[in-house]
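Chemist: The following block contains the structure, expressed as structure tokens.
The values are calculated or read from the model by the stated rules, or taken from the named source; none is laboratory data. This one's a predicted model, so the numbers in the text were calculated from it and none came from an experiment. Please note: Cβ atoms are built from the backbone with ideal geometry, for glycine as well, and neighbour counts cover all protein chains shown.
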């Protein structure tokens with residue numbers, strides 16, 4: 001017992017000493033085991049959405065542990081923000097891959113999302129099994145208006161970064177009208193924005209430049225293990241052979257998983273439909289989770305009827321209260337879809353829900369791993385090329401309009417009961433907006449307060 005305590009104290013002391021190393025001293029190398037415990041810890045405490053998660057990684061990995069320098073961190077962050085998929089997850093994969101090759105990247109990404117997946121499946125089961133209880137209904141009543149405010153805040157954050165000139169503002173307005181009024185599908189809006197960006201980047205390159213990084217690129221916290229001058233590891237250098245290898249292995253894995261579902265249950269079965277749908281969704285997540293939510297709504301609610309509009313709002317509320325990437329809401333969609341469709345019979349609803357959640361998560365996150373493990377070096381070679389980044393800049397602007405339309409959609413279902421306005425819900429939403437915009441309240445604290453308000457007011 002004493003030896004165990006001594007080892008623990010020595011380990012803590014060692015970690016503390018590492019954080020106190022002089023700025024001119026390079027920290028000792030990090031083992032795969034040490035990285036494992038950090039990525040697991042991050043997966044358990046990473047609340048606050050992508051901005052909060054990226055800030056956590058910056059504070060811990062750049063400022064305290066000095067695993068990676070400021071410049072290299074921003075280098076990785078900029079790449080991840082240009083790729084489809086959840087940028088915080090991809091950043092974790094990128095840093096893990098840079099430090100410990102492919103196994104490190106896979107480990108970082110899996111540990112970042114696994115706690116969220118397990119917790120969200122548990123919450124989804126509680127929601128479906130006990131959601132009609134007055135206590136649960138009251139909590140959800142208070143949370144739903146907060147979700148509308150959170151979506152509006154997300155649009156504001158992305159807008160301040162993306163809408164840098166009248167052209168970007170016009171693209172955002174056009175995207176809003178296209179999806180909210182004309183009812184155009186989200187992929188068509190993304191494609192149109194990309195074409196506009198491709199043409200605009202050639203004709204007016206200054207108007208289609210990517211916005212600046214959210215962190216100070218000139219900051220320095222001392223020498224890091226992967227420093228500004230550290231040569232790029234051999235595994236991180238671009239190789240057409242490596243890219244082809246990763247694409248074939250990853251694509252083959254995804255295709256094999258889908259063919260297994262299709263051969264076992266049929267191509268029109270719910271699980272096979274989920275596999276194909278969430279693969280497409282993963283390719284359209286430019287701008288983060290909020291950007292793909294309208295597409296998930298169109299497919300999950302309107303096309304496949306896996307869940308209702310109200311359940312979609314409830315799922316977003318649950319996703320905001322769990323650690324990990326917000327895009328994990330796809331697991332909720334998959335769980336509810338499997339449960340409501342009783343995929344394995346009415347005696348196995350929990351198993352059906354778990355299967356739906358696992359399928360949704362697997363096909364959503366697989367492309368993110370492939371983008372980093374295979375395409376990271378390729379994306380790096382195109383950094384700063386406005387002709388390559390302009391389409392993504394236009395897409396980011398369009399995403400703002402799409403997210404605003406999502407907030408309007410949620411607002412209609414939260415604030416209107418037929419033709420009657422729910423002024424209590426409106427008041428909760430207004431108070432939430434003040435808390436987010438004026439006082440910079442945290443997401444978890446806000447949702448907790450609104451949940452308590454819902455209990456009191458119902």
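Chemist: Taking the criterion of being at pLDDT 80 or above, outside the structural domain of residue 98 (by TED's automatic domain parsing) and surrounded by fewer than 24 Cβ atoms within 10 Å (Cβ to Cβ), would at least one residue in region 373-388 satisfy it?
Modeler: Within region 373-388, one or more residues are at pLDDT 80 or above, outside the structural domain of residue 98 (by TED's automatic domain parsing) and surrounded by fewer than 24 Cβ atoms within 10 Å (Cβ to Cβ).
Chemist: Going by the conditions given, is residue 429 more than 23 Å from the chain's Cα centre (by Cα) and surrounded by 15 or more Cβ atoms within 10 Å (Cβ to Cβ)?
Modeler: yes
Chemist: Looking at region 393-426, which of its residues are surrounded by fewer than 16 Cβ atoms within 10 Å (Cβ to Cβ) and modelled with pLDDT under 80?
Modeler: Within region 393-426, 417, 418, 419 qualify.
Every residue, every condition in (1) modelled with pLDDT of 75 or more; (2) over 15 Å from the mean Cα position of the chain (by Cα); (3) not in a helix (DSSP H, G or I), yes or no:
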{"residue": "16", "(1), (2), (3)": "no, yes, no"}
{"residue": "26", "(1), (2), (3)": "yes, yes, yes"}
{"residue": "36", "(1), (2), (3)": "yes, yes, no"}
{"residue": "47", "(1), (2), (3)": "no, no, yes"}
{"residue": "89", "(1), (2), (3)": "yes, no, no"}
{"residue": "94", "(1), (2), (3)": "yes, no, no"}
{"residue": "97", "(1), (2), (3)": "yes, yes, no"}
{"residue": "119", "(1), (2), (3)": "yes, yes, no"}
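Yes/no matrix, rows are residues, columns are (1) crowded, with 21+ Cβ neighbours inside 10 Å; (2) part of a loop (DSSP other than H, G, I, E, B); (3) in contact with a helix residue (DSSP H, G or I) (Cβ under 7 Å, 6 or more places away or on another chain):
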position: 276; (1), (2), (3): no, no, yes
position: 293; (1), (2), (3): yes, no, yes
position: 302; (1), (2), (3): no, no, no
position: 317; (1), (2), (3): yes, no, yes
position: 345; (1), (2), (3): no, yes, no
position: 350; (1), (2), (3): no, no, yes
position: 353; (1), (2), (3): yes, no, yes
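Chemist: Additional query: Is one or more of the residues making up region 57-70 modelled with pLDDT of 80 or more, within 30 Å of residue 317 (Cα to Cα), within 29 Å of the chain's Cα centre (by Cα) and surrounded by 22 or more Cβ atoms within 10 Å (Cβ to Cβ)?
Modeler: So far as region 57-70 goes, yes, one or more of its residues are modelled with pLDDT of 80 or more, within 30 Å of residue 317 (Cα to Cα), within 29 Å of the chain's Cα centre (by Cα) and surrounded by 22 or more Cβ atoms within 10 Å (Cβ to Cβ).
Chemist: Something else: So, residue 136, is that one more than 21 Å from the chain's Cα centre (by Cα), over 30 Å from residue 249 (Cα atoms), assigned by TED's automatic domain parsing to the domain that holds residue 442 and free of Cβ contacts under 8 Å to residues at least 12 places away in the same chain or not?
Modeler: So residue 136 fits the description; yes.
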